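Scroll down for the structure; my scribbles are underneath it.
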Number of protein chains: 2
Amino acid sequence: MEKVNVVEKLRLFSDHWHPRIVGELNGQFVKLAKLQGEFDWHRHAQEDELFLVVSGTLTIKLRDRDVTLEEGEFFIVPSGVEHKPVAATEAHVLLFEPKSTLNTGDERTQRTVEDLEWI
Amino acid sequence: MEKVNVVEKLRLFSDHWHPRIVGELNGQFVKLAKLQGEFDWHRHAQEDELFLVVSGTLTIKLRDRDVTLEEGEFFIVPSGVEHKPVAATEAHVLLFEPKSTLNTGDERTQRTVEDLEWI
């Protein structure tokens, strides 16, 4: 039950597409991640997922359009909606999603991060 | 299913201690609020509540200590824990909490905001 400084937590890791847990409430996790390059198309059948950009620019590709987020902007991907995060340069994001959510959605792939760690 | 710019949304209202809804996911609301002065002691028996400071300084008084949050810092008040938010000067905060959460906790008071509106 300590406060969390988002920028200080982000200094604790440098790898991309590997979220860390920084908070837990009501069955949800708050996570931080550094994103750069293109992730895979995926969806979460049962889980809505919030992306809040802390720094940089993140594009969330949807099948019918792109949503581009700058610092201080968030987007909620509804459950079942296919999406593909893309960051041309490094973006730092805060995620809010159920504890059950896998980063690769309903399919496990080489990029799936199991056993997410707390920082 | 549109993106949300936090600062732009905060420009849409000016009253204190009256959260607005800006997002919904997994049975939770994302809210924004402007806080200034002292709120009442309260608790939420069943609901954890996250306060993320967007600008300014917010102190969350607990019965045994104070937690002071600056911009970019968050704190999760666990369910059942009495707390009293205090902001000497205006603070802007993002809240994550279950849709059922009342701003005054388990008791309805003159400061309870019913029928929260979306902005």
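The values are calculated or read from the model by the stated rules, or taken from the named source; none is laboratory data. Remember, predicted model here, so these are calculated numbers, not experimental data. Note: ideal-geometry Cβ built from the backbone for every residue, glycine included; neighbour counts use all protein chains shown.
A Cβ distance below 8 Å, combined with a sequence gap of six or more or placement on separate chains, defines the contacts here; from the stretch A:95-116, residues that are on the phi > 0 side of the Ramachandran plot reach residues that are basic (K, R) in the pairs A:G105/A:R43.
For A:L12, the requirement of being modelled with pLDDT of 95 or more and either buried (at least 20 other Cβ atoms within 10 Å of the Cβ) or in a strand (DSSP E or B) (or both) is not met. Looking at A:G72, A:G80, just one residue is more than 14 Å from the chain's Cα centre (by Cα), at pLDDT 95 or above and more than 10 Å from chain B (Cβ to nearest Cβ), and that residue is A:G80. Within the stretch B:1-16, the residues that satisfy the criterion of being more than 14 Å from chain A (Cβ to nearest Cβ) and out of contact with any Gly (no Cβ under 8 Å at 6 or more places or on another chain) are B:L12, B:F13, B:S14, B:D15. Taken together, A:V54, A:V4, A:V77, A:V22 contain a single residue that is of a type outside the set (D, E) and in contact (Cβ under 8 Å) with a residue 60 or more places away in the chain, which is A:V22.
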